[in-house]
Amino acid sequence: MTETTGYSGSGLVLVKNPHLDLMEEDVLYHLDLGTKTHNLPEMFGDIKFVCVGGSPKRMRAFAQFMRRELGLAGPGEDGPDTCGGSDRYAMYRAGPVLCISHGMGIPSISIMLHELIKLLHHAKCRDVTIIRIGTSGGLGIEAGSVVITDTAVDSSFQPRFEQVVLGDVVVRSTELDKGLAEELLACSRDLPDFPTLIGHTMCTYDFYEGQGRLDGALCSFSSEKKLEYLRRAYDAGVRNIEMESTAFAALCGLCGLKAAVVCVALLDRLQGDQIRESHEVLWEYQQRPQRLIAAFIRNRLRLPAPRRP
């Protein structure tokens with residue numbers, strides 16, 4: 001069974017679950033929120049942008065950065081973790097921007113997205129843009145390059161997300177918003193100090209063997225087989241590899257959210273498997289997608305760039 005993308009003409013976030021209407025209360029357990037315990041429209045109804053990333057610390061730092069970029073906070077000011085009662089995810093606000101961690105891998109981001117999408121639905125948010133900001137392994141590109149995903153593909157280079165539901169395999173489209181990707185690329189032209197490109201992103205279920213690494217606790221293939229596979233991926237249009245994009249694209253598309261994936265490449269996987277850059281270099285690399293997204297949000301809000309110290 002194949003499910004395809006569906007967008008709401010009203011701009012509302014869709015949920016495709018008739019059982020929700022029969023529930024007296026919807027408890028968003030992993031976010032420590034609920035429809036009876038919290039006034040979700042009052043708390044979140046004005047959200048226009050959602051940015052998600054793997055690490056709680058990184059998303060806290062991004063929220064701080066966005067508050068400065070939007071002129072909402074002075075140096076050292078911080079906002080509370082809205083999911084403070086949960087140890088699974090962290091959530092911070094910067095005006096109309098919601099910043100949420102999703103952990104590592106498809107299972108973790110899937111749980112977060114189910115509850116996030118219901119949150120946006122219950123809050124009656126409209127015209128929300130959601131962007132995954134992350135790190136990745138590059139493929140045939142310079143370390144530090146930022147990849148804007150046009151198509152999320154699986155380990156066979158196919159644009160699909162397969163989910164087993166009640167024993168049946170459900171295939172979902174991983175289409176991302178092409179106009180949004182082009183808009184992000186246009187914003188990157190104002191950030192010429194690092195390369196930015198559009199390409200396919202391959203999503204795997206594993207960091208080691210699933211991505212063709214030779215340095216895991218297990219390895220069942222030769223270095224020649226690894227390079228042959230990665231070259232086939234490159235020839236299929238793949239420019240980076242991570243572990244969340246297919247599930248992200250599928251769930252967001254089905255629920256009417258315009259979505260993008262923007263990741264920096266920490267290395268070129270055709271040249272090796274282990275990340276050897278210093279912490280200082282890696283920290284600067286991780287700022288690159290955040291700077292691009294900040295420029296995009298400022299453009300959407302018609303705000304000038306803040307003065308730099």
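The values are calculated or read from the model by the stated rules, or taken from the named source; none is laboratory data. Being a predicted model, the structure only gives us computed values, none of them experimental. Don't worry about glycine lacking a Cβ; one is built from the backbone with ideal geometry, like all the others, and counts go over all protein chains shown. The area values use the complete protein model at the heavy-atom level, side chains included, leaving out ligands, DNA and RNA. Shrake-Rupley method; radii C 1.70, N 1.55, O 1.52, S 1.80 Å.
Average projection, convex hull of the Cα set of region 210-305: 8.9 square nanometres. When the trypsin sites (Lys or Arg not before Pro) in region 111-172 are filtered for DSSP coil states and for at most 15 other beta-carbon atoms within 10 Å of their beta-carbon, the remaining sites are Lys124. The mean of 1/r over all pairs of different alpha-carbon atoms in the chain, once inverted, gives a Kirkwood hydrodynamic radius of 20.0 Å.
Looking at the chain, the accessible area is 48 square angstrom per residue; that uses a 1.4 Å probe and ignores ligands, DNA and RNA.
Anything over 27 Å Cα to Cα? Flag those among Lys16/Lys178; Lys226/Lys258; Lys57/Lys225; Lys57/Lys178, in the order listed. Walk me through the numbers before you get to the answer.
Working: Lys16/Lys178 23 Å; Lys226/Lys258 35 Å; Lys57/Lys225 37 Å; Lys57/Lys178 30 Å.
Exceeds cut-off: Lys226/Lys258; Lys57/Lys225; Lys57/Lys178.
The trypsin sites (Lys or Arg not before Pro) of region 233-299 that DSSP puts in a loop, and whose beta carbon has at most 16 other beta carbons within 10 Å, are Arg276.
When each of the peptides 214-223, 23-32 is scored by how many other beta carbons lie within 10 Å of its residues on average, the order from highest to lowest is 23-32, 214-223.
With runs of 4+ DSSP H residues as the only contributors, calculate the mean residue ellipticity of the chain at 222 nm using -39,500 (n - 2.57) per run, divided by the residue total and rounded to the nearest 500.
After summing the helix terms and dividing by the residues of the chain, the value is -9500 deg cm²/dmol.
For Phe44, what is the net charge nearby, where nearby means another residue's Cβ is under 10 Å from its Cβ and Lys, Arg count +1, Asp, Glu -1?
Local charge sum for Phe44: 0.
Of the solvent-accessible surface of region 83-167, computed with a 1.4 Å probe and all protein chains present, 50% belongs to carbon and sulfur. Classification of region 124-244 by its C-alpha gyration tensor yields an oblate form. The axis ratio a/c (a ≥ b ≥ c) is 1.5 or more, and b/c is at least a/b. Among Gly199, Gly138, Gly71, the residue with the largest mean-square fluctuation in a Gaussian network model of the chain, with springs joining Cα atoms closer than 10 Å, is Gly71. Between Ala236 and Arg276, the modelled label-to-label distance comes to 2.9 nm, taking each label 7 Å out from Cα in the direction of the beta carbon. For His114 and Ser156 in the same chain, what is the full-extension length gain: residue separation times 0.36 nm, less their Cα-Cα distance, in nm? Residue separation times 0.36 nm, minus the Cα-Cα distance, leaves 12.6 nm. Between Ser223 and Tyr29, the FRET efficiency estimated from the beta carbon spacing at R0 = 41 angstrom works out to 0.40. Connecting C-alpha atoms closer than 10 Å in a GNM of the chain, tell me which of Asp154, Asp193, Asp206 has the biggest fluctuation. Looking only at Asp154, Asp193, Asp206, the largest GNM fluctuation is found for Asp193.
The spacing between region 248-309 and region 66-127, judged by their C-alpha centroids, is 16 Å.
Taking the Kirkwood radius as Rh and the Cα radius of gyration as Rg, region 8-162 has a ratio of Rg/Rh equal to 0.98.
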